[in-house]
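Taking it in order: structure first as structure tokens, then the write-up.
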Amino acid sequence: MPAYAVIGGQWGDEGKGKVIDYLAGDVDSVVRYAGGNNAGHTVVNDKGTFQLHLVPSGICWPNAYGIIGNGVVVDPDVLVAELAEIAARGIDTSRLYISERAHVIMPYHIVLDHYEEKARGDAAIGTTGRGIGPAYMDKIGRMGIRVGDLLDWDSLVPMVEQVLDHKNALITKIYGGEPLALDDVLAKCLLWAEQLAPYAKPTEQLIQDLLAQGKRVLLEGAQGTLLDIDHGSYPYVTSSSPSIGGACTGLGLNPQAISGVLGVFKAYSTRVGGGPMPSEISEAEGSEIREKAHEFGVTTGRARRIGWFDGVAAKYSQLINGFTGLVLTRLDILDGFKSIKLCVAYEVNGERLDRFPANTGLLARCKPIYEEMPGWDQPTASATELSQLPENALAYVKRIEELVGCRAQIISTGPSRGETIQVEPVFT
Ligand code: IMO
Ligand code: MG
């Protein structure tokens, strides 16, 4: 029953879309289990460049089904627009299924995301503004609307009436905003029901059936472990569980079904939004990487913060996920650097700290302890064999493997499918 997970090891944007697309040629299904359209997964292949937010990144392959699991929050407007866009570019979108248990991002979630961020002032999380947090709040608060609810009008109407009363009270009385009209929200629901009905399925059963037939299923992580609601740098996190536990709850999948857990790490660090990042580097130093790597958010266009590889955070990520293999992306971006730093421990209150602290205040005071390694002149860009890598690049990869405690199975040397070194087989 081979399911394999591809999980962000850092703060998101590790290149998961490219990795999924690279692997999806050899699988039967690609499944999203958490997050929503806060994700931005870039896929570059023979049909062009795709920036996917909700549709699983395997969709470009004709062999793979795309499944959106119960752990995902779905904005139907975004999904429908994304499907139309990729269909117009020659991709067959009929192979998509959505869990009836997935929660819907309602219009008031987006309104509340903006108001809540504004109210946080200087402590703003820097959310993507897509209604993700408020949708998950309602899920946990047991007042969410699910895809299956959209399909049952008679029970939906009283649910929406009740929830909208509550949301309008928040919007008007706390934030001084304009209430949403019930008729408008219901009209949206009616349209969405029609649009989503062909895709809604009991996906937990579907995945189970695929696995029982010996089919290979790839679990596509969104966000990253350090943005995990439980394990990330709380409260500067997203509201879901991007790490491996989320793959089980977000799909209704038992852990024994998962044969491999790939941790995707960039060769340096980035973070978009607020919150501490101990190995962050100065604007002047970081802008070279940002420009070269085009480190701007796919979802919001914001400039990403840049830092050196954080070995402490990476080791913690390994602890949470139990990675069976590592995927190192964007190694080519470091081509031409004279020397490269690696954060191997933190210093806080005059003492050395070797683990990622739970307390965000403490994390914010952590200073990086760096190890410096010589860079390389010859390019790694577009390399497809380990033997093409300069010695210093190989040494860098090896040091990262040591820090994470896991072997590199794939190294990405450019955005396209072909710019990939398959160090060892992922599927066993
Ligand atoms: P992918 O899948 C990077 C960040 C936001 C913000 C925090 C909370 O492309 O790796 P939210 O809108 O989720 O409530 O925002 O999480 N964030 C991401 N950062 N990559 C992502 O997804 C992200 N999804 C959310 O910037 O700091
Ligand atoms: Mg992204």
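Please work out which one of (1) open to solvent by 40 Å² or more (accessible area, probe 1.4 Å); (2) among the polar types (S, T, N, Q); (3) away from ligand 1 (no atom under 16 Å from the Cβ) is the condition T300 fails and give its number.
It fails just one condition, (3).
Can you confirm whether segment 207-217 contains a residue that is within 14 Å of ligand 1 (Cβ to nearest atom) and either open to solvent by less than 50 Å² (accessible area, probe 1.4 Å) or not polar (S, T, N, Q) (or both)?
The answer is no; no qualifying residue exists.
What pairs can you find where one residue is in segment 301-321 and assigned by TED's automatic domain parsing to the domain that holds E371 and within 9 Å of C343 (Cβ to Cβ), the other is surrounded by fewer than 24 Cβ atoms within 10 Å (Cβ to Cβ) and of a type in the set (D, E), and their Cβ atoms are less than 6 Å apart, with a gap of 6+ or different chains?
G307/E280
So E347 clears everything in (1) more than 28 Å from G245 (Cα to Cα); (2) free of Cβ contacts under 8 Å to residues at least 40 places away in the same chain; (3) within 16 Å of ligand 2 (Cβ to nearest atom) except one condition, right? Which one?
Every listed condition holds for E347 apart from (3).
Since T49 meets every condition but one in (1) part of a loop (DSSP other than H, G, I, E, B); (2) open to solvent by 50 Å² or more (accessible area, probe 1.4 Å), which condition does it not meet?
(1)
Scanning segment 23-52 for residues that are among the hydroxyl-bearing types (S, T, Y) and modelled with pLDDT under 95, which turns out nearest to ligand 2 (Cβ to nearest atom)?
Across segment 23-52, the extreme among qualifying residues is T42.
Does L219 count as at pLDDT 95 or above and closer than 23 Å to K118 by Cα?
no
With (1) within 16 Å of ligand 1 (Cβ to nearest atom); (2) out of contact with any helix residue (DSSP H, G or I) (no Cβ under 8 Å at 6 or more places or on another chain) as the list, and P202 as the residue in question, which single condition is left unmet?
Of (1) within 16 Å of ligand 1 (Cβ to nearest atom); (2) out of contact with any helix residue (DSSP H, G or I) (no Cβ under 8 Å at 6 or more places or on another chain), only one is false for P202: (1).
Can you tell me which residue is nearest to L206 (Cα to Cα) among those in segment 87-113 that are modelled with pLDDT of 95 or more and β-branched (V, I, T)?
The residue in question is I98.
Being more than 19 Å from A135 (Cβ to Cβ) and part of a loop (DSSP other than H, G, I, E, B) is the filter here; which residues of segment 239-251 pass it?
Matches in segment 239-251: S243 only.
Take the residues in segment 1-35 that are in contact (Cβ under 8 Å) with a residue 60 or more places away in the chain and within 8 Å of ligand 1 (Cβ to nearest atom), then tell me which one is most open to solvent (accessible area, probe 1.4 Å).
Taking the candidates together, the pick is D13.
Can you pull out the residues in segment 164-179 that are open to solvent by 40 Å² or more (accessible area, probe 1.4 Å) and within 31 Å of the chain's Cα centre (by Cα)?
First, the residues of segment 164-179 that are open to solvent by 40 Å² or more (accessible area, probe 1.4 Å): 165-166, 170, 172-176, 178-179.
If the condition is that a residue be open to solvent by 40 Å² or more (accessible area, probe 1.4 Å) and within 31 Å of the chain's Cα centre (by Cα), then H166, L170, Y175 are the ones that fit.
Evaluate the following for Y22: is it touching a strand residue (DSSP E or B) at 6+ places or on another chain (Cβ under 6 Å), closer than 27 Å to R146 by Cα and of a type in the set (S, T, Y)?
It is false that Y22 is touching a strand residue (DSSP E or B) at 6+ places or on another chain (Cβ under 6 Å), closer than 27 Å to R146 by Cα and of a type in the set (S, T, Y).
Could you pull out every one of the helices (runs of 4 or more DSSP H) wholly within segment 120-238 that has 3 or more residues that are more than 30 Å from P357 (Cβ to Cβ) and β-branched (V, I, T)?
On the way: elements: 132-140, 147-150, 153-169, 182-196, 203-212.
Helices (runs of 4 or more DSSP H) meeting the threshold: 153-169.
Residues checked against (1) in the same structural domain as S339 (by TED's automatic domain parsing); (2) at positive phi:
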site	(1), (2)
Y236	no, no
S239	no, no
S243	no, no
G246	no, no
T249	no, no
G252	no, yes
I258	no, no
Y268	yes, no
G273	yes, yes
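The values are calculated or read from the model by the stated rules, or taken from the named source; none is laboratory data. Here the structure is a predicted model, which is why all the values come from computation and not from measurement. Counting neighbours? That spans all protein chains shown, and the Cβs are built from the backbone with ideal geometry, glycine included. Side chains are part of the model used for accessible areas, which takes the heavy atoms of the whole protein and leaves out ligands, DNA and RNA. Shrake-Rupley method; radii C 1.70, N 1.55, O 1.52, S 1.80 Å.
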